[in-house]
């Protein structure tokens, strides 16, 4: 989880979603579950996405509507509003 910079619960939710959608298969070994892509074509798709993000990903991050700054501003506004409505 440290490598991804995400909470274990977040990773578990994503893995469950991918498994439920049939994109991952799990193999139980004792208390551990080992996951693998269910279809080899998915690796080609992931490689293509990696190339695309490498070429354009920074543009998405800098976007004033969808980029990281816009997401942070939205989160701050939501937290501010939530604070106003606490009982």
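Read the figures in this text as sums done on the coordinates, not as results from a lab. Values in this document were obtained by computation on a predicted structure and should not be read as measured data. Here the Cβ positions follow ideal geometry from the backbone for every residue, glycine too, while neighbour counts run over all protein chains shown.
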Within region 16-44, residues being in a helix (DSSP H, G or I) and over 29 Å from residue 69 (Cβ atoms) number 7
Looking at the structure I just gave you, is residue 60 surrounded by 10 or more Cβ atoms within 10 Å (Cβ to Cβ), more than 20 Å from residue 11 (Cα to Cα), without any contact (Cβ under 8 Å) to a residue 60 or more places away in the chain and out of contact with any strand residue (DSSP E or B) (no Cβ under 6 Å at 6 or more places or on another chain)?
yes
